[in-house]
Structures are given as C-alpha cells and as structure tokens.
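Only one structure is covered here, and it is reproduced in the block below.
The values are calculated or read from the model by the stated rules, or taken from the named source; none is laboratory data. If you're wondering where the values come from, they're calculated on a predicted model, not measured in any experiment. Every residue, glycine as well, gets a Cβ built from its backbone with ideal geometry; the counts of neighbours run over all protein chains shown.
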Amino acid sequence: QVLSGCAIIVRGQPRGGPPPERQINLSNIRAGNLARRAAAGQPDAKDTPDEPWGFPAREFLRKKLIGKEVCFTVEYKTPQGREYGMVYLGKDTTGENIAESLVAEGLASRREGIRANNPEQNRLAELEDQAKVAKKGMWSEGTGSHTVRDLKYTIENPRHFVDSMHQKPVNAIIEHVRDGSVVRALLLPDYYLVTVMLSGIKCPTFKREADGTETPESFAAEAKFFTESRLLQRDVQIVLESCHNQNILGTILHPASGAGGLRADPSAIGYHHRGEQKWGNITELLLKEGFARCVDWSIAVYTRGAEKLRAAERYAKERKLRIWRDYVAPTANLDQKDKQFVAKVMQVLNADAIVVKLNSGDYKTIHLSSIRPPRLEGEGTQCWLLLEPTGN
C-alpha cells in the first residue's frame, strides 16, 4: 500500500495466512501530504485538503509499486518506531531507487536541513536541480492547485446517484478494505469516496468490542487478505447496483493479472473475458474459495447472474472449503407422497408463498425455493388474494 509520496507499506510472501506488514518511510525526501477527513466527534475540526502535488506523487508510486517486488534498506529508526530507509524496485539494491525517481520527476523535494555530504544525498541534490531547471512537477509555474482533488465524502441522495450510473462500470481505485466484502473506493474522475458492499454475499467480519478492540470471526482475516491482495489500491471497475443505509451495493471487476502476485486461472469460476482483457469478479472468487456465503437480501440486485453466485457457493460447500469446513449436506426426509401432490391454490400470500388445499381437505403453505421477491413497503405488510372456488 502507498500511504503517500514518501511512505509505503510492504509485506512478505504469505505462508499459511496473512503475512506481517511493515511501514517504510523514504529517507531524505518530502512529498505533499494527502487529504484527511476531519475526525468524527470533533465539531470544530475541518477536513484537510491535499497539498499541491501530493496526490500525483502518491499515484506515481501506486502505479509503479503496487503488487511489485521491492527491496528496502533501513537507515534509522525514530524513538516512536518509525523506520526510514531506501526502497528499490526489484530483488536487490541495483534496481530503480524510488526516492531518486520521485525527486527527478519533481514530485518530491529534499528535506530541509539535509546536507549533501554523501553520494546518495549528492545524487538527490543533482536530480532536484535538474527537475527545477526542467520545471517538472512542483517546480513548474503556478501554485499546483490543479493537482488538488475536490474530494466528496458524502452523497446527498445515494439512490439517485446509483440510478444515474445506469449500471455501467465506473473506474475506481480501492482505497481501503474493511473486510472481505466491504471496501472504500475512490470513484473517478469526480473523486467520490464511497463505501461499497459486494452485492449478494457476506464475508466473516471483525466484531468491535466495548474497549475498542476488534475480534475477528473465523476466517475474517484471511478473507480480508484475499480481497486486499487483489483489490487494494488497484485500478478496478465497479458496477453500482443498489444502496442500503447510505452504503452502495455493487460488483467489483479487476484485471485478472492484478492479483497481488498470485497466479490466476482465467478459465475458472470468477474470471471473464471482455475484449482482450481477462477480468476477475471478486464476488464470485470469494464464494468459490469458501470466504463468503450468499445472502438473499442483496443477491436480488446482483446484475451478473445470481445463479453464478449459487454455483460458486455450492463449489465451496462440496469441497468443505474454509467457512464450510464443517458443512454437512442436508438429506431429504420427505416421503414420496409429500414430494409431489395435486392441490388447489386458495390464497396467494405474496409473490413467493401460496396456501393450497389438499385432496384430504387440509391446507398447506408452500414457499417457492431459491427466490426472494420485493416486499411491499411497511413492516409485516403482505399481499392477500382470495381465490373463489370455480369447480374442480
């Protein structure tokens, strides 16, 4: 993850679970700070906007480093535990020096008070002088105000906003992964920062305790890592499908090659072709790997085929993957006479439930399986239709 133009988070290869993370701050340089939202519960606090050239610096690193292997050296550590060092693109220190690349593009400057008294600092001073002469980035004419985003943290009418997109894929960057099926996304090009819940599924979550700590449900951390390794700070496309309590329901599509260095099988469940590009559907992938379960209340708005989600969930159940490790397939206990019978419809309770009269004179309520129709507004409201007998 790229925190700013001069700070990144790295992690090792996963071995039986999510690997540990480590923050590295680039030595001797400074890039503009990114926008921060005012802290909740502080009425006098104000949102802090981007500093000029802060977002272009972040994007420069994001596009260069996310999902790539890097080598880093730690030069010193502060009493607070912050580590400062150098980052190189590739397996060793012969690779591209990231701090030098930022300074050369005018996206970062040397820290004030740093004297060029060693080869590394001399090199940064030379690159900064060259960027100034070429008027690159922060050394170009003007204030750089055009690089400051107009971030929109709230949407007045989420329903109208979703409908206005007409279910067309929207370009976005995933900025945060809350759990396997809930993310924070930056919608482009208008910079809406929204929470997106994946339509049709739910992953294990993190339960917040009274003392503020979080307790993960079984496989919550693994599901979050699965989504992070494929989506975090990636360029994706989101199909906005509905909204629920100010949160947007949607489907996230990502290039199949962008799976955090993990090899994908594009012919498997969860991968689709669009032109020459292979796209992964994180919703189907989470189900197939046993990290999520289908939920009826939102699967109705899923626009890419609910039967695909059911099939992916069934695949994981049959193989007892992860959350389904203790799954036992139900056995049919009905007698043959109860499985198939002739009856007369007497009442329609709603679009998926009817009351029928058996030949014996008994009444039975039948619910249609595997569907959930829209409900009428108002809690407990049902639609009743009485059918008068018209003979045999």
Those residues of the range 29-50 which are under 23 Å from TYR192 (Cβ atoms) and without any contact (Cβ under 8 Å) to a residue 24 or more places away in the chain, in sequence order | ARG36, ALA38, ALA39, ALA40, ALA45, LYS46, THR48
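So how many residues does the range 5-17 have that are in a loop (DSSP other than H, G, I, E, B) and buried (at least 16 other Cβ atoms within 10 Å of the Cβ)?
2
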Some residue of the range 115-136 being among the hydrophobic types (A, V, I, L, M, F, W, C), within 23 Å of ARG36 (Cα to Cα), in contact (Cβ under 8 Å) with a residue 40 or more places away in the chain and part of a helix (DSSP H, G or I) | no
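Can we say ALA223 is buried (at least 17 other Cβ atoms within 10 Å of the Cβ), touching a Gly at 6+ places or on another chain (Cβ under 9 Å) and under 30 Å from PRO19 (Cα atoms)?
So ALA223 fits the description; yes.
Residues checked against (1) in contact with a Gly (Cβ under 8 Å, 6 or more places away or on another chain); (2) more than 25 Å from GLU100 (Cβ to Cβ); (3) modelled with pLDDT of 95 or more:
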| residue | (1), (2), (3) |
| --- | --- |
| GLY5 | yes, no, yes |
| ILE8 | no, no, yes |
| PRO19 | yes, yes, no |
| ARG22 | no, no, yes |
| LEU26 | yes, no, yes |
| ARG30 | no, no, yes |
| LEU34 | yes, no, yes |
| PRO43 | no, yes, no |
| PHE60 | yes, no, yes |
List pairs: first in the range 181-193 and within 15 Å of ARG37 (Cα to Cα), second surrounded by fewer than 21 Cβ atoms within 10 Å (Cβ to Cβ) and of a type in the set (Lys, Arg), Cβ under 9 Å, 6+ apart or cross-chain?
-> ARG184/ARG178; LEU186/ARG149; TYR191/ARG149; TYR191/LYS152; TYR192/LYS152; LEU193/ARG37; LEU193/LYS152; LEU193/ARG184
Inspect all residues belonging to the range 127-134 and state whether any of them is in contact with a helix residue (DSSP H, G or I) (Cβ under 9 Å, 6 or more places away or on another chain), in the same structural domain as LYS46 (by TED's automatic domain parsing) and of a type in the set (S, T, N, Q).
-> yes
Within the range 74-98, track down each residue that is of a type in the set (Gly, Ala, Ser), in contact with a Cys (Cβ under 8 Å, 6 or more places away or on another chain) and either surrounded by 16 or more Cβ atoms within 10 Å (Cβ to Cβ) or touching a residue at least 60 places away in the same chain (Cβ under 8 Å) (or both).
-> none
So VAL162 fits all but one of (1) under 16 Å from the mean Cα position of the chain (by Cα); (2) surrounded by 18 or more Cβ atoms within 10 Å (Cβ to Cβ); (3) hydrophobic (A, V, I, L, M, F, W, C); (4) not in a strand (DSSP E or B); what number is the exception?
-> (1)
By residue number, the members of the range 208-224 that are under 20 Å from PRO14 (Cα atoms) and of a type in the set (A, V, I, L, M, F, W, C) are PHE219, ALA220, ALA221, ALA223
Would you be able to say whether some residue in the range 53-73 is in a loop (DSSP other than H, G, I, E, B), buried (at least 18 other Cβ atoms within 10 Å of the Cβ) and touching a residue at least 40 places away in the same chain (Cβ under 8 Å)?
-> yes
Checked VAL194, VAL177, VAL183 against criteria (part of a strand (DSSP E or B) and closer than 19 Å to GLY17 by Cβ); the one match is VAL177
Failed item, numbered, when ALA312 is tested on (1) surrounded by 15 or more Cβ atoms within 10 Å (Cβ to Cβ); (2) in a strand (DSSP E or B) = (2)
Does the range 31-43 contain at least one residue that is part of a helix (DSSP H, G or I) and either touching a strand residue (DSSP E or B) at 6+ places or on another chain (Cβ under 8 Å) or surrounded by fewer than 17 Cβ atoms within 10 Å (Cβ to Cβ) (or both)?
-> no
